[in-house]
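Derivation of every value follows stated rules applied to the coordinates shown; laboratory data play no part. Here the structure is a predicted model, which means the values were calculated and not measured. Using ideal geometry, Cβ is built from the backbone for each residue, glycine included, and neighbour counts are taken over all protein chains shown.
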Amino acid sequence: MAEISAKLVKQLREKTGAGMMDCKKALKENEGDTEKAMEWLRQKGITSAEKKSGRQTAEGLVHSYIHTGGRIGVLVEINCETDFVARRDEFKDLVQNVAMQIAACPNVEYVTKEEIPEAIIAKEKEIEMGRDDLAKKPDNIKEKIVEGRIEKRKKELCLLDQPYVKDQNMTVEELLKQTIAQLGENIQVRRFTRFVLGEGIEKQEVSFADEVAAQTGQKA
């Protein structure tokens, strides 16, 4: 195959934090396919993000973000290993960017797929299995289709699986791994809450005629 370019090696290194030679080897082993190369590195235990994933993260920041107009707010906690890294501008930038990502994702409810309760997955499966477009499908085909739909739904609910709003070519998880490689510490999004102005409040609908009548003391 053609020689692996330095640019491709650099991109893989930024995404995984692995060494230059390991990245080059991974790309050669997978004919230049970046996604397969990333998986190869993970399997070999080479990526720095994977190596650091078991370390305790007891420091970090709780950050609040209010979107322009004051109608959406986010509170997020992101943890790292040391207070020194928590004070770094790169870490603060990550926290801000993740908060903005949450503000932009109304369907996101969990950090990872592992956090989704089994009851919710079971309910989603029940709904999908009962859809009209699958009624005449054989059971084995129906199971595969539903499995694919459930996996898609799980990704829609999870923060780390979202395309990063500032760069659609990467996910939030890949953004996190880049920062781990850059700062040399394990970093984890622990929890978040997204606030929407008026959410859950049933708004009273008043017709224009009723509003005028109320102001003039007359019946509409």
**Asked** Can you give the FRET efficiency for Asn169 and Asp33, using 1/(1 + (r/R0)^6), R0 = 22 Å, r = Cβ-Cβ distance, to the nearest 0.05?
**Response** 0.90
**With 5 Å bins from 0: P(r) over segment 81-196, alpha-carbon pairs, percent** = 2, 10, 18, 17, 15, 13, 9, 7, 4, 3, 1, 0
**Prompt:** Rounded to the nearest 20 Debye, what is the dipole magnitude of segment 124-177 about its Cα centre when Lys and Arg each give +1 and Asp and Glu each give -1 at the C-beta?
**Reply:** 100 debye
**Prompt:** For the pair Lys137 and Met100, what calculated FRET efficiency results from E = 1/(1 + (r/R0)^6), where r is the Cβ-Cβ distance and R0 = 35 Å, to the nearest 0.05?
**Reply:** 0.25
**Asked** Between Met38, Leu8, Met20, whose Cα lies farthest towards the positive end of the dipole of segment 6-46 when Lys and Arg beta carbons carry +1 and Asp and Glu beta carbons carry -1, centred on the Cα centre?
**Response** Met20
**Intensity falloff of segment 6-46 expressed as log10 I(q)/I(0), Debye formula with alpha-carbon point scatterers, at q = 0.17, 0.22, 0.28, 0.35 Å⁻¹** = -0.30, -0.52, -0.88, -1.45
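For Phe195 and Glu14, calculate 0.36 nm times their separation in residues minus their Cα-Cα distance, and state this gained length in nm to one decimal.
Numbers: separation 181, 0.36 × 181 = 65.16 nm, distance 3.30 nm.
Additional length available on full extension: 61.9 nm.
Taking a threshold of 23 Å on the Cα-Cα distance, which of the pairs Lys15/Lys144; Lys15/Lys155; Lys36/Lys92; Lys28/Lys152; Lys28/Lys155 fall above it?
Working: Lys15/Lys144 31 Å; Lys15/Lys155 20 Å; Lys36/Lys92 31 Å; Lys28/Lys152 31 Å; Lys28/Lys155 30 Å.
Beyond 23 Å between Cα atoms: Lys15/Lys144; Lys36/Lys92; Lys28/Lys152; Lys28/Lys155.
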**Asked** How far is helix 139-157 tilted, in degrees, relative to the longest principal axis of the Cα atoms in the chain, given as a value from 0 to 90 rounded to the nearest 10?
**Response** 80 degrees
**Asked** Taking the Cα centre of segment 59-196 as origin and charging only Cβ (+1 Lys, Arg; -1 Asp, Glu), how large is the dipole, in debye to the nearest 20?
**Response** 480 debye
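Among rounded, prolate and oblate, which fits the chain when a ≥ b ≥ c are the square roots of the eigenvalues of its C-alpha gyration tensor, a/c under 1.5 means rounded, and a/b larger than b/c means prolate? Present the calculation step by step, with values, prior to reporting the outcome.
Working: a/c = 2.59, a/b = 1.49, b/c = 1.73.
Taking the square roots of the gyration eigenvalues as a ≥ b ≥ c, the chain is oblate.
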**Asked** Among Met21, Met170, which comes first, second and so on when ranked by fewest other beta-carbon atoms within 10 Å?
**Response** Met21, Met170
